[in-house]
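This report concerns only the one structure given below.
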Amino acid sequence: VITTLLICHALLAVTLIGALTHQTLGVWWPRKSAQSSFFASFRGVRAGLYANAIVVLFLLTASLGGILYPSYRLGPRVMLENLRLAKANGVFELKEHFVAIGLGLLPAYWYFWKRAPDGRHQETRRVLTLLLAGIAWWGFIVGHILNNIRGFGL
Amino acid sequence: VIRALPVFSTIFAVLYVLAMYFNLALFTYFPRTGGFGPLAASPTTESGVAMYWYGWLLTASLGSAAVAGISLLVPESRSARLWAGWSWLVPAVMVIVLVYLLRGWFLG
């Protein structure tokens, strides 16, 4: 069951960082009309359409992470402590707290994308999106490193 | 009610860091036994390790919901003049504070 949940957690996280990366690049580095390359197309999305999906995906990913967390606490965390891998423990501690801050950011993120008057608060939208993207990427990378930490030869 | 959402996010970040730093969890979860304890309960040999993260989330959620609710007493014409950037600046600063508070994992 734990393995299945872990795979679902990872798949949701991939979808989340995909959506957040599209949106972040779309608002920070918008495509110019003449550009038609792959990278320009990646950025040329209607960023506002991603907001609801991102809120739902963030909630689902964090909720699954919260369900899996006790297993981590009783298994891998103890192993990391026994191996004295303090930095590995530290990056997960940061992940846990960053995700909490991210959960708290969701109401403001949703408000400024969906309810704030158009034309105003563009800067706020951009920075909130960047913050959420940073949190999602941090969580994704840390999760994968810890999941495969034995492969790093530590 | 919707206009209070940015207030919730701003206050949540601060309350979460305070809850974490001072261990102000509203409940504790013991993963080995699957049991719960009130507030920040200490782990025992019987209960095994204690998890406070869920309790910190609840503390910060209820606290920021209360502050967001109170903020609705401020007339909309006045609250609209507040700088919207507080809703990202405060959480961003709290992220830096968290890195500072957890620096012990990475030093030494």
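Couple of notes before you dig in:
- Overall form of the protein assembly as shown per C-alpha gyration tensor (a/c, 1.5; a/b vs b/c): oblate
- Cβ-derived FRET efficiency at R0 35 Å, A:S33 paired with A:R120, nearest 0.05: 0.90
- Residue-averaged [θ]222 nm for chain A, counting only DSSP H segments that reach four residues, each worth -39500 (n - 2.57): -26500 deg cm²/dmol
- In a fully extended conformation the segment linking A:T21 and A:V78 would gain 17.2 nm over its present Cα-Cα distance, using 0.36 nm per residue.
- R0 of 25 Å, Cβ-Cβ distance B:R103-A:A10: FRET efficiency to nearest 0.05: 0.30
- Given their separation in residues at 0.36 nm each and the Cα-Cα distance between them, B:S79 and B:L18 gain 19.4 nm when the chain is fully extended.
- In a reduced charge model with +1 at each Lys and Arg Cβ and -1 at each Asp and Glu Cβ, the protein assembly as shown shows a dipole moment near 660 debye about its Cα centre.
- Remark: chain A carries a charge dipole of roughly 320 debye about the Cα centre, counting +1 on each Lys and Arg Cβ and -1 on each Asp and Glu Cβ.
- Sites A:R46 and A:T3, calculated FRET efficiency, Cβ-Cβ separation with R0 45 Å, nearest 0.05: 0.75
- Degrees, to the nearest 10: A:51-74 long Cα axis against longest axis of chain A: 10 degrees
- Principal-axis analysis of the Cα atoms of chain A puts helix A:86-114 at an angle of about 30° to the longest axis.
- Note on A:K95: lysines with a C-alpha under 16 Å away, same-chain residues under 8 apart excluded, are A:K87.
- Think of the protein assembly as shown as having a plus end and a minus end, set by charges on the Cβ of Lys, Arg, Asp and Glu; of B:V17, B:S77, B:S64, B:S77 sits farthest toward the positive end of this dipole.
- Once the Cα gyration tensor of chain B is diagonalised, semi-axes √(5λ) in Å: 32, 19, 8
- Per the Debye calculation on region A:1-107 with a single equal scatterer at every Cα and no solvent contribution, log₁₀ I(q)/I(0) for q = 0.23, 0.24 Å⁻¹ amounts to -1.21, -1.26.
- Signed unit charges on C-beta, dipole axis of the protein assembly as shown, positive-most listed residue B:V49, A:Y69, A:L49: A:L49
- Over 20 Å [Cα-Cα, region A:47-154], rounded percent: 46 percent
- Between region B:32-85 and region A:1-30, the alpha-carbon center distance in angstrom: 26 Å
Each value in this text was obtained by applying a stated rule to the coordinates, not by laboratory testing. Just so it is clear, the model here is predicted, and its values are computed rather than measured. All Cβ positions, glycine included, derive from the backbone under ideal geometry; neighbour counts span all protein chains shown.
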